[in-house]
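What follows is one structure encoded as structure tokens, with my remarks underneath.
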Amino acid sequence: MLKSILAIIVSYIAMFAIFMAIFTCLYFVLGVERVFQADSYEVSMFWIALTLVIGFLVSMFSGFLCAAISKSWRTCQVFALIVFLLALIQCFSALRRNPDAPNTRAGEVGMFDAMSLAVTPLWLHFVNPIISGAGVLLGARMKRRDAA
């Protein structure tokens, strides 16, 4: 039981840390003009595509890590459910944002300001929990096949 709890905690921390590190680096490498549409806080389609692909790959890695630590398919399923539910909570909190907030961007924007002011399409908030949970399960299944 303790091994399962530890696997979930370590996997989630690893997923969060890797995700933040990759996107922090990408933000600085790509620059504001490629992350956002011109003079706006609406994120570019390029950034959305990167978010989906990298989010899925990082979720797969965390599922693989959870399976490697716990050696239990049930633990990986619980981890996938936790990831799904946390992403869903984030989805609903993003939906409560003020749609009338200023959307005009002028010049360079710091990363933390960009994170709080970014405007993403509504569909992305509903796709993220599904992609994250599916990535965890796929990564865990890859580890199970690797062990067999």
>> Between residue 108 and residue 142, what's the calculated FRET efficiency when r is the beta-carbon distance and R0 is 41 Å? Round to 0.05.
In response: 0.50
> How do 111, 45, 15, 1 line up, fewest other C-beta atoms within 10 Å first?
Replying inline: 1, 45, 111, 15
> What is the set of long-range amide H partners of residue 36 at a cut-off below 5 Å, with H atoms built 1.01 Å from backbone N?
Replying inline: 44
>> Quick query: amide H of residue 119 versus all other amide H atoms, modeled in the peptide plane; which residues come in under 5 Å with a sequence gap of 5 or more or a different chain?
In response: 42, 43
> Short version: ³J(HN,Hα) in whole Hz for each residue of segment 111-118, in order, from phi by Karplus 6.51 cos²θ - 1.76 cosθ + 1.60 (θ = phi - 60°), x for Gly and Pro, what are they?
Replying inline: 4, 6, 5, 4, 5, 7, 9, 4
> Which residue, 133, 63, 110, tops the fluctuation ranking in a GNM of the chain built on C-alpha contacts under 10 Å?
Replying inline: 110
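Bear in mind that the values in this text are calculations on the coordinates, not laboratory data. Nothing here was measured: the structure is a model prediction, and the numbers come from that model. Here Cβ is always computed from backbone atoms with ideal geometry, including for glycine, and neighbour counts include all displayed protein chains.
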